[in-house]
Amino acid sequence: MKGKHAKTLDAVFADPVRANVLWSDVEALFSAAGGSISEGRGSRVRVSLNGVDAVFHRPHPQKETDKGALKSVRRFLTEAGYAPDAKR
């Protein structure tokens, strides 16, 4: 995983939860971790990583991920084995 993706992973798991993480960086992190991303209806994005599937809503009109969505991303990454202590 490249430095930028590691920084995004750190930002996702930062406490307190941040409100300035760009969704495009989160999607790039999913891809860098080996996940597959597909478009759903509307702003939905389907992600599969290490056998774990999730559906997220791409934020709009803003580019930043809100705190609630970031908590969901944390849970997804943890279930997929990408918590900070399990960096690959």
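Is it the case that some residue within region 17-33 is among the hydroxyl-bearing types (Ser, Thr, Tyr), in contact with a Lys or Arg (Cβ under 6 Å, 6 or more places away or on another chain) and within 18 Å of Ala80 (Cβ to Cβ)?
no
Cβ contacts < 8 Å: first residue small (Gly, Ala, Ser), restricted to region 1-28; second residue assigned to a helix (DSSP H, G or I) and surrounded by fewer than 17 Cβ atoms within 10 Å (Cβ to Cβ), any location; separation 6+ or different chain. Result?
Ala19/Lys67; Ala28/Lys4
Quick one: which of Asp15, Asp53 is under 13 Å from the mean Cα position of the chain (by Cα) and charged (D, E, K, R)? If you could, list the steps in order and put the result at the bottom.
Working: Asp15 fails: under 13 Å from the mean Cα position of the chain (by Cα).
Unique residue meeting the criteria: Asp53.
Name every residue in region 71-88 that is modelled with pLDDT of 95 or more and of a type outside the set (D, E, K, R), in order of residue number. Break it down stepwise before answering.
Start the filter on region 71-88 by keeping residues that are modelled with pLDDT of 95 or more, which leaves 71-80.
Residues satisfying the conditions are Ser72, Val73, Phe76, Leu77, Thr78, Ala80.
When residues of region 38-81 are filtered for being without any contact (Cβ under 8 Å) to a residue 40 or more places away in the chain, surrounded by 15 or more Cβ atoms within 10 Å (Cβ to Cβ) and of a type in the set (D, E, K, R), how many remain?
Within region 38-81, residues that are without any contact (Cβ under 8 Å) to a residue 40 or more places away in the chain, surrounded by 15 or more Cβ atoms within 10 Å (Cβ to Cβ) and of a type in the set (D, E, K, R) number 2.
The values are calculated or read from the model by the stated rules, or taken from the named source; none is laboratory data. This one's a predicted model, so the numbers in the text were calculated from it and none came from an experiment. We place every Cβ from the backbone using ideal geometry, glycine too, and count neighbours over all the protein chains shown.
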